[in-house]
Amino acid sequence: MYLQKVKPFLYLGIFYLIVSFLLRLVFVFHPITTADFSFAEILKVTSLGLVNDILVFTIASSFLALYFLFLSNGKYQKPYGQIILGVLVLAFIYILATPNNIFKQYGGGVVKIVLAFLGLKILFFALMLFLPKQRLKIRNSLYFTTLFLYVLLIIFNAVSEYFFYNEFGVRYNFIAVDYLIYTTEVIGNIMESYPIIPLFTAIFVVTGLATWWIYKKTKDSLLQLPNLVQKLTLVGVFAVLLGISLSFAEKINLKKGNIFQQEIAANGMVKFYEAFSNNTLDFFTFYPTVDQKTAEKNTLFPLGTTTLNRTITSDKPELQKNVVLISIESLSAAYMKAYGYEESVTPFLDQLAQKSLFFTNLYATGNRTVRGLEALTLCIPPTAGESVIKREKENKNKFTTGSVFKSKGYSVKYLYGGYSYFDNMKDFYAGNGYEIVDRDNFTPEEITFANVWGVCDEDMAKKAISEMNKDYKAGKPFFHHWMTVSNHRPFTYPEGKIDIPADSKSRKGGVKYTDYSIMKFFEMAQKQPWFKNTVFVIVADHCSSSAGKTELPMDKYRIPAMIYSPEFVAPQKFSQVTSQIDVMPTVLGLLNFKYQSKFLGQDVFSKNFVPRAYIATYQDLGFIKDNYLTVISPTKNIKQYQLVQKPNTNTTTEFNIYYTENLLQDNPRKDLVDQTISNYQSTSFWLKNKMLDK
């Protein structure tokens with residue numbers, strides 16, 4: 001009898017395990033998985049994955065267990081049926097009519113969900129109460145619907161995980177959590193990137209077939225419902241299994257092996273929960289630490305100072321030139337000719353680099369736009385958890401590049417072709433004194449093409465020129481920070497602009513159209529009276545992908561950066577290791593600005609400059625120096641890799657960006673370990689104590 005009652009769990013569980021197993025095999029052989037797996041490694045990954053999946057399915061079965069727990073014929077007998085129906089109706093009326101009930105306090109969306117649930121519950125309860133001869137058919141229909149929703153969730157999650165892995169090379173992480181928040185942009189992105197109708201048709205067809213198969217195999221479980229004693233026995237066994245699953249679901253991880261092995265063995269839902277619950281990480285709880293005074297001394301010494309707040313001076317007069325900072329969405333260094341890309345997808349930037357101060361060995365701090373914006377605006381190393389930009393309670397009144405320019409009488413603006421509420425940009429930049437120019441500022445006549453992320457980069461370029469002309473006519477020098485949007489999935493752009501068809505939806509097309517738009521911007525800028533007195537800074541926000549064999553693959557953080565001002569900045573290549581946080585301090589240095597600084601980035605031409613770079617995910621914090629990469633992670637883990645440049649097999653490349661990262665098992669360089677901990681610890685401490693405010 002008991003085996004009969006658990007058949008729905010067994011069949012659903014087997015279906016879930018099969019889907020998860022197939023998904024793991026797809027990940028193993030996916031082109032983005034740049035690691036080779038032996039048969040033994042595949043067996044290990046899938047075996048551990050099986051354990052993860054069993055634990056997760058047990059937890060997810062809780063709703064199904066509740067569904068079966070409340071199945072009963074007794075509740076429809078007089079007077080219980082009428083009483084229960086009356087209570088349900090009164091609850092519905094109460095929620096609908098009471099102005100300040102608990103559900104309305106959580107927002108209109110919650111109220112609608114609760115009312116919809118109660119309404120359906122009332123409808124089906126009434127049908128089963130007043131139509132006893134049809135009760136089994138109605139119950140079977142509801143059971144089929146319940147199975148359908150479970151199967152749909154299993155398949156939809158597998159498809160979602162595939163596309164997420166296809167984009168980022170990892171299971172769900174903080175980005176997936178963000179995607180739940182910004183549903184408009186994300187759903188729009190999916191709609192424009194993938195063949196939605198065929199995809200969803202296939203999902204629903206497979207869901208329907210699988211549900212029907214499970215239903216046919218298990219519907220006899222509803223013919224004879226268990227009595228109270230049998231229900232308590234089943235619930236007791238399930239409670240034990242649920243307790244075990246909750247205790248171990250987050251602990252079953254692959255401790256060794258490369259990142260791909262660890263990600264493939266994991267369960268996406270567990271990874272999502274971890275990301276959701278740990279989007280802020282207290283450095284002092286999760287990371288290795290040193291004495292705080294020692295940490296600050298180690299961090300400040302390479303800057304040539306003993307205090308965070310210090311005076312930057314110059315023996316030359318200040319130059320009040322306009323500054324235009326263009327941060328380009330997802331432009332990996334690997335897409336430029338200088339770094340060996342065989343196709344010409346950045347012809348304008350390739351030419352501009354030869355006329356600029358070209359940083360050839362520069363690394364992004366992170367793998368998200370907000371990390372790049374943080375690095376260029378705050379000029380500090382990344383910190384554990386979310387970017388400062390996303391931390392609404394502690395992201396305002398900071399010491400920023402904008403605040404330096406504003407202190408010099410500049411007009412300071414942030415230009416973005418989309419809606420700047422995305423990624424909390426509007427809150428951050430407005431809260432730090434920037435004027436916001438985003439899609440809300442466009443008239444319909446100014447938009448020739450737009451997708452879910454915003455107006456195309458050409459339209460934003462025209463708008464930027466218009467804003468710069470306004471400031472020039474007002475007699476004010478300006479610092480404008482323009483963030484591009486077109487080099488982002490779905491990679492759509494106006495037809496006929498470049499030689500890659502707009503309907504190809506390829507990243508190469510997105511890169512080339514962005515390059516084209518920047519060229520058009522410069523064609524317009526050169527005709528303006530302010531052009532000769534303007535410094536242009538072009539830098540990527542992050543790379544197109546950060547997936548690799550190690551936590552922090554070096555080549556996936558290498559980005560191009562250049563400073564262009566034809567009558568002011570002499571063309572040259574700066575080849576020392578440089579961090580994204582150094583770009584704007586270098587610009588301020590070129591302008592001979594005198595200011596009080598709290599930046600941790602350096603002017604690369606200062607006498608104290610130390611070649612080093614910071615690269616990080618939301619959890620793994622890396623420090624590059626002296627051909628070593630030191631990584632600190634939660635649970636106080638420390639790893640150090642020796643960096644060995646790979647042989648250059650591309651005869652066209654000027655700069656080889658590929659390294660082998662050899663993990664040092666013994667005797668890591670302690671000075672670099674201490675420096676890594678100190679730099680990240682000090683930054684976290686200063687942020688936490690508002691010492692990086694203005």
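The values are calculated or read from the model by the stated rules, or taken from the named source; none is laboratory data. This structure is a prediction, so every number in the text was calculated from the model and none was measured. Don't worry about glycine lacking a Cβ; one is built from the backbone with ideal geometry, like all the others, and counts go over all protein chains shown. Areas reflect the complete protein model, heavy atoms only, side chains present, ligands, DNA and RNA absent. Shrake-Rupley method; radii C 1.70, N 1.55, O 1.52, S 1.80 Å.
Under the shape rule built on the C-alpha gyration tensor, where the axes satisfy a ≥ b ≥ c, segment 434-581 is oblate, since a/c reaches at least 1.5 while a/b does not exceed b/c. For Y287, Y215, Y419, the ranking by accessible surface with the largest value first comes to Y419, Y215, Y287, using a 1.4 Å probe. The heavy atoms of W212 offer some 130 square angstrom of accessible surface to a 1.4 angstrom probe.
Give me the percent of accessible area attributable to carbon and sulfur for the chain, probe 1.4 angstrom. Within the chain, the accessible surface is 62 percent carbon and sulfur. Largest first, the residues T651, T33, T289 sort by 1.4 Å accessible area into T651, T289, T33. Under the membrane-span-like helix rule (DSSP H runs whose alpha carbons stretch at least 18 Å along the helix axis, mean Kyte-Doolittle hydropathy -1.0 or higher), the chain yields 7-28, 39-60, 80-97, 108-130, 135-168, 196-218, 228-248, 507-525, 670-688. A probe of 1.4 angstrom, applied to the heavy atoms of all protein chains, finds K216 with accessible area near 110 square angstrom.
For the residues Y493, Y421, a 1.4 Å probe over the protein chains yields an accessible-area ranking, largest first, of Y421, Y493. Based on DSSP, what percent of beta bridges with both residues in the chain are antiparallel, to the nearest 5? The antiparallel fraction comes to roughly 55 percent.
The residues of the chain expose, per residue, 45 Å² of accessible area to a 1.4 Å probe.
Pairs of lysines in segment 198-353 whose Cα atoms sit within less than 25 Å of one another amount to 6, provided the residues are eight or more positions apart or on different chains. Summarising the overall dimensions of the chain from its C-alpha atoms, the Rg and Dmax are 28.9, 95 angstrom.
Put a plus charge on the Cβ of each Lys and Arg, a minus charge on the Cβ of each Asp and Glu, and nothing anywhere else: the dipole of segment 266-405 about its Cα centre is then about 320 debye.
When shorter helices are ignored and each DSSP H run of at least 4 residues is given -39500 (n - 2.57), the per-residue value for the chain at 222 nm works out to -14500 deg cm²/dmol. Backbone N atoms of segment 196-223 closer than 19 Å to the 7 Å Cα→Cβ label point of N140 belong to residues 208-223. Dividing the mean sequence gap of close Cα pairs (under 8 Å, 6+ apart) by how many residues the chain holds gives a relative contact order of 19 percent. Comparing segment 332-391 with the 2.2 N^0.38 Å rule of thumb, its C-alpha radius of gyration ratio is 1.38 (two decimals). Starting from the Cα gyration tensor of segment 56-170, take the square roots of the eigenvalues, sort them a ≥ b ≥ c, and report rounded, prolate or oblate (rounded when a/c is under 1.5, otherwise prolate if a/b is larger than b/c, else oblate). Oblate is the answer for segment 56-170, as a/c is 1.5 or above yet b/c matches or exceeds a/b.
Its alpha carbons give segment 217-334 an Rg and a Dmax of 28.7, 91 Å. Overall shape: oblate for segment 53-123, with the ratio a/c of the largest to smallest alpha carbon gyration tensor axis at 1.5 or above and b/c at least equal to a/b. Heavy-atom accessible area for V229, with the other protein chains in place and a 1.4 Å probe, reaches approximately 100 Å².
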